[in-house]
Amino acid sequence: MEGLGDNADFLKLLRGGKVQTIHTQEATLEDIFISVTGRSLS
């Protein structure tokens, strides 16, 4: 998401008035575990 406010294509979409929703994907507990430990439990 870093730098998104400076992305010309993204700003054009927003200014066009056609964006109805924006979704982000939250990290899962598994994603965080792997990031911290460097391994999965599987």
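Quick notes on this one:
- Restricting the trypsin sites (Lys or Arg not before Pro) of the chain to loop positions (DSSP other than H, G, I, E, B) with no more than 16 neighbouring Cβ atoms within 10 Å leaves Lys18, Arg39.
- From its DSSP helices (H runs of at least four residues, each -39,500 (n - 2.57)), the chain gives a residue-normalised ellipticity at 222 nm of -11000 deg cm²/dmol.
- The GluC sites (Glu not before Pro) found in the chain that occupy coil by DSSP, while having at most 15 further C-beta atoms within 10 Å, are Glu2, Glu26.
- Looking at the chain, the pairs of alpha carbons with a distance over 14 Å make up 64% of the total.
- Each residue of region 22-36 is assigned a 3J(HN,Hα), and the resulting list reads 10, 10, 10, 9, 6, 5, 7, 4, 5, 4, 5, 4, 5, 4, 6 Hz, derived from the Karplus form 6.51 cos²θ - 1.76 cosθ + 1.60 (θ = phi - 60°), x at Gly and Pro.
- Here the calculated FRET efficiency for Ser42 and Glu2, from their Cβ-Cβ distance with R0 = 35 Å, stands at 0.70, rounded to the nearest 0.05.
- Cα-centre dipole for the chain with unit charges at Cβ (Lys and Arg positive, Asp and Glu negative), debye to 20: 220 debye
Quick note: the coordinates plus some simple rules give every number you see, no bench work behind them. Since we're looking at a predicted model, the values are computed, not measured. Counting neighbours? That spans all protein chains shown, and the Cβs are built from the backbone with ideal geometry, glycine included.
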